[in-house]
Amino acid sequence: MNALAKTSALMSVTLGVLLLMACRTPPEPAEAPAVLTNPSAESRLELRRVVSGALHRDSVTLADDALTRESVLIIERARARDPNGQLLNGRELDKPEHFHLVKEGERCVLVRERTGERWTLASATCAPK
């Protein structure tokens, strides 16, 4: 094979590789730790509903600024107390649940760390932290 034929073959292979790379599916958007921006009553309600459902509880109490400064949300089980406010039992053996908020493309996604379960928060806006 002469030099011109080798150069032509090499250019054809290179062009083919470039075309294959251009046709591949774009990668999934990377996710980044995020915080809520401009939380509304609707987005707070959705966050409470998602966390309550994840924990199979009727309701949970969340601060109005939950996930607005930190991307991590830690939920502890309410400790039972008597009418005088004294704890009914000794040590609390239940571990708190950890959730974290990520921005995935344009979506705000709440992730339960222990299980990897994910919920898209449709009414929330967020920004990378």
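Taken together, the values in this text are just the output of simple stated rules run on the coordinates, not laboratory data. Everything numeric here is computed off the predicted structure, so don't read it as measured data. Cβ coordinates were reconstructed from backbone atoms using ideal geometry, including for glycine residues, and neighbour counts include every protein chain displayed.
The Cβ shell under 15 Å around Pro39 holds other residues with a net charge of +1, Lys and Arg each +1, Asp and Glu each -1. Couplings for the range 70-79, taken from phi via the Karplus curve 6.51 cos²θ - 1.76 cosθ + 1.60 with θ = phi - 60°, read 10, 8, 10, 10, 10, 10, 9, 5, 5, 8 Hz in order; Gly and Pro are left as x. For the range 29-128, the C-alpha radius of gyration divided by 2.2 N^0.38 Å, with N the number of residues, is 1.18.
A quarter of the convex hull surface defined by the alpha-carbon atoms of the range 90-129 gives 4.0 nm² as the mean projection.
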